[in-house]
Amino acid sequence: MFTPCVRQNIAVSAVEIDEYIAHLDEPKRTTLGQLRETILRVIPESEQCISYRMPAFRMHGKVVAGFAAFKNHLSYLPHSGSVFPELRDDLAGYQTSSGALRFPVDIPLPEELVRKLIETRLRHIGEHLPPSR
């Protein structure tokens with residue numbers, strides 16, 4: 001079932017992502033908490049929301065990143081099937097489908113990889129990251 005990032009014209013707050021993460025077992029909770037912090041360092045101006053019942057980050061009305069926890073793995077979600085083909089070399093060693101990058105429950109994604117994933121997605125929607133701080 002589709003859950004939009006906006007509910008009754010009111011932006012969903014970061015509290016729902018807090019709750020999503022809080023209900024996870026360790027080490028999933030810590031690993032996804034670290035991924036959330038990484039995404040927010042890369043795109044601090046993003047709006048945190050829930051999309052397709054999963055934590056997501058939106059810029060200028062477009063979802064550009066997200067994540068989810070599953071029984072035996074975690075997933076990074078670029079919300080586009082065109083991101084991974086451009087980063088094939090960077091994703092060596094990870095299992096991907098057209099819309100999800102799987103990674104272990106206890107090993108966070110490297111910040112540089114997350115930055116590349118987000119930069120690629122933003123470029124596809126005509127946006128750019130602000131200069132590094």
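Quick notes
- Annotation: lysines with alpha-carbon distance below 19 angstrom to Lys71 (same-chain offsets under eight excluded): Lys28.
- Per-residue Cβ neighbour rank within 10 angstrom, fewest leading, Val63, Val105, Val83: Val105, Val63, Val83
- Leu122 sits among other residues whose Cβ lies under 13 Å from its own Cβ, and their net charge, with Lys and Arg +1 and Asp and Glu -1, is +2.
- For region 69-130, applying the loop criterion from DSSP together with a ceiling of 16 other beta carbons within 10 Å to the GluC sites (Glu not before Pro) yields Glu127.
- Taking the Cα atoms of the chain, the ratio Rg/Rh between the radius of gyration and the Kirkwood radius comes to 0.93.
- FRET efficiency, Glu86 to Val15 (Cβ-Cβ, R0 25 Å, nearest 0.05): 0.15
- Under the combined filter of DSSP loop state and at most 12 neighbouring Cβ atoms within 10 Å, region 38-83 retains these trypsin sites (Lys or Arg not before Pro): Arg53, Lys71.
- Restricting the GluC sites (Glu not before Pro) of region 20-63 to loop positions (DSSP other than H, G, I, E, B) with no more than 14 neighbouring Cβ atoms within 10 Å leaves Glu45.
- Longest exposed-site-free window of the chain, the sites being chymotrypsin sites (Phe, Trp or Tyr not before Pro) in a DSSP loop that have at most 13 other C-beta atoms within 10 Å: 3-69
Each reported figure results from applying straightforward, stated rules to the coordinates on display, with no laboratory input. On a predicted model such as this, the values are computed, not experimentally measured, just so you know. Glycine gets a Cβ as well: all are built from the backbone with ideal geometry, and neighbour counts include every protein chain shown.
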